[in-house]
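Here is the structure we will look at, set down as structure tokens.
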Amino acid sequence: MSGGESSREQDSGRAGEAVPLTRAVMYVRMSTDHQRYSSENQQEVMAAYATRRGMPVVGVYSDGGKSGLLGDQRDGLQRLILDATSPDRNFDAILVYDVSRWGRFQHPDQHAYYEFICWQAGVRVHYCAEQFRNDDSMPDYLMKDIKRLMAGEYSRELSVKVFHGQCRLILLGFRQGGIAGYGLRRVLVDHTGAVKGVLAKGEHKSIQTDRVVLEPGPTEEVKTVRWMYRQFASRAKNEQEIADVLNARGTVTDLGRPWTRATVHQVLTNEKYVGNNVYNRVSFKLKQKRVRNKPEQYIRADGVFGAVVDRTLFLEVRALIAERTRRLSDDELLDWLKRAYERHGRLSALIIDEYDAGPSSSAFRARFGSLVRAYRLVGYVPDHDYAYLEINRRLRGLYPQVVEQIVSTMLAQGATVTRDQRADLLTVNDEFTVSVVAARCRQLLSGACRWVIRLDARLDPDITVAARMDRENSLPMDYYILPALDVSGEKLRLAEANGLFLDTYRFDNLDYLVAMARRIHVKEIV
């Protein structure tokens, strides 16, 4: 059907009966791939399409700087789907520049899924810059399927090119992302290698040809790192004892936090302290699945940065850690656990982790499925549900880290954050309040997971950030950013999938919350 025919159909129906116009909204997605996809260009093409077909445009939904690989992380798309399926919607068509702006999903059915949801609700999706006619004909469907495959393939090819480019820069000795770490600093250099200055935390290069390298940081930090290595190599102190000494001195990490066994261990094991540039330890290609790679898959360039510690000392420390953490068999683990049981008359994660030279409690969880099962294999049956208590203890220990991460990231964006220590309520920019909760994962007999988010009405926060823990209750799996205007009550019960209304508020990270706190200068708006 041509555009003229479509207009005539809308202007006249049966004799004397007016046919209502098809109201439309625009969906704009802007990533960083091509200037042709700027929001202005997209809207210009869509406006011309709407004019030719007599469609009044009643709104615009947009996702700025968003990858097309995932749908659930695009707030604009999620709001659009929610509104399209609402009985109170004020539009019947969605205008999109082309198939790739709807998404570059790696499975073409995911692309079709979002379109089908709209179609089922009576809302048509029109791709305005494509050659097919959006008329639901067989050629129309065939071309859309081909375009969906092409959009996904573009991302796959681009991912390969970007990865090879990053590997080349690593081999040339340039740093690729990430913070420098304690005792190190990121230094900006131009295309000739001339130093342009030290990058502060949160700063990034602004010129494409500039590069970043690592250099030893302030003298006091370098001395502290070397002291840590010497203490460990001489067996004078283990990681926890080193952390205790640093905290007693008032020394904090590069993120301004107290030292822990884990942060000391990270300093003692990272090759950047001997000047090595190592990349591809973990892969997260096309945002599909995070994979921990084998050492032979690492991309590395040795000795390209200024070393903080002597290589011989580093290798000595690494050998000590490798010997301590060598993989034990199931029988060796259980023998060790049995001896600990005989010494103490009982077992707990705290008792196990007190032995710096022994396996950690997480090693038993990973090998035997849970600590309680490992206990029973050595003949110890706890009187109480210690697994529950240990999970709660771990969550209490993790909670301050989550709050500190939120606060420090907001401060880096120029926001002001005040914290009520008694209520643990954050006030951001003197404009809105945030409460943070950690939701423990509970596994049903069927293996399915459930979470209960407790909303503290006493604090009356504007936003509740709920960190939903993974199956092991060791790390946050994702976050629900819940506005008080939309979510109320004392408890919110979540399953693994919760429908469009609740999962609209689900995010893989806290970038959206941080963006809410970011201060924008007037000149940026202009």
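Consider ARG133 carefully, then state whether it is outside any loop (DSSP other than H, G, I, E, B), at pLDDT 80 or above, farther than 30 Å from GLN176 by Cβ and of a type outside the set (Ser, Thr, Tyr).
No.
Given LEU169, LEU149, LEU95, which one is in contact with a Cys (Cβ under 8 Å, 6 or more places away or on another chain) and either within 21 Å of MET46 (Cβ to Cβ) or in a helix (DSSP H, G or I) (or both)?
Exactly one residue qualifies, and that residue is LEU95.
Tell me, yes or no, whether segment 62-85 has at least one residue that is closer than 20 Å to MET143 by Cβ, modelled with pLDDT of 75 or more, out of contact with any Pro (no Cβ under 7 Å at 6 or more places or on another chain) and surrounded by 14 or more Cβ atoms within 10 Å (Cβ to Cβ).
No; the residues of segment 62-85 include none that is closer than 20 Å to MET143 by Cβ, modelled with pLDDT of 75 or more, out of contact with any Pro (no Cβ under 7 Å at 6 or more places or on another chain) and surrounded by 14 or more Cβ atoms within 10 Å (Cβ to Cβ).
Of everything in segment 120-132, what is surrounded by 15 or more Cβ atoms within 10 Å (Cβ to Cβ) and either under 23 Å from ASP83 (Cα atoms) or touching a residue at least 24 places away in the same chain (Cβ under 8 Å) (or both)? Give them in sequence order. So that I can check it myself, show each step before the final result.
At the first step, the residues of segment 120-132 found to be surrounded by 15 or more Cβ atoms within 10 Å (Cβ to Cβ) are 121, 123-130, 132.
Passing the criteria: ALA121, VAL123, ARG124, VAL125, HIS126, TYR127, CYS128, ALA129, GLU130.
Out of all the residues in segment 234-263, which are of a type in the set (Gly, Ala, Ser) and assigned to a loop (DSSP other than H, G, I, E, B)? Step through it out loud before you land on a result.
First, pick out the residues of segment 234-263 that are of a type in the set (Gly, Ala, Ser): 234, 236, 243, 248, 250, 256, 262.
Selection gives SER234, ALA236, GLY250, GLY256.
Within segment 407-421, which residues are in a strand (DSSP E or B) and of a type in the set (A, V, I, L, M, F, W, C)?
Listed by number, the list holds a single entry, VAL417.
For segment 266-280, indicate whether the set of residues that are modelled with pLDDT under 85, surrounded by 17 or more Cβ atoms within 10 Å (Cβ to Cβ) and in a helix (DSSP H, G or I) is non-empty.
So far as segment 266-280 goes, no, none of its residues is modelled with pLDDT under 85, surrounded by 17 or more Cβ atoms within 10 Å (Cβ to Cβ) and in a helix (DSSP H, G or I).
Counting only residues that are touching a helix residue (DSSP H, G or I) at 6+ places or on another chain (Cβ under 6 Å) and within 18 Å of ILE242 (Cβ to Cβ), how many does segment 206-224 have?
0
Kindly indicate the residue of segment 498-526 that is at pLDDT 70 or above, over 18 Å from the mean Cα position of the chain (by Cα) and of a type in the set (A, V, I, L, M) and also surrounded by the fewest Cβ atoms within 10 Å (Cβ to Cβ) among those meeting that condition.
Residue satisfying both the conditions and the ranking: LEU500.
Quick check: is even one residue across segment 145-152 at negative phi, surrounded by 11 or more Cβ atoms within 10 Å (Cβ to Cβ), among the hydrophobic types (A, V, I, L, M, F, W, C) and over 27 Å from the mean Cα position of the chain (by Cα)?
Checking segment 145-152: at least one residue is at negative phi, surrounded by 11 or more Cβ atoms within 10 Å (Cβ to Cβ), among the hydrophobic types (A, V, I, L, M, F, W, C) and over 27 Å from the mean Cα position of the chain (by Cα).
Within segment 381-389, is even one residue surrounded by 13 or more Cβ atoms within 10 Å (Cβ to Cβ) and modelled with pLDDT of 80 or more?
Within segment 381-389, none of the residues are surrounded by 13 or more Cβ atoms within 10 Å (Cβ to Cβ) and modelled with pLDDT of 80 or more.
Among all residue pairs at least 6 apart or on different chains, which show Cβ distances below 6 Å where the first residue, located in segment 89-106, is modelled with pLDDT under 90 and the second is assigned to a strand (DSSP E or B)?
ASP98/TYR127; VAL99/TYR127; ARG101/ARG29; TRP102/VAL96
If we only count strands (runs of 3 or more DSSP E) wholly inside segment 422-518, which ones have 2 or more residues that are among the hydroxyl-bearing types (Ser, Thr, Tyr), without any contact (Cβ under 8 Å) to a residue 40 or more places away in the chain and more than 24 Å from ASP63 (Cα to Cα)?
432-439
The values are calculated or read from the model by the stated rules, or taken from the named source; none is laboratory data. Every value quoted in this text rests on a predicted model; they were computed, and no experiment measured them. Neighbour counts run over all protein chains shown; Cβ positions are idealised from the backbone, glycine included.
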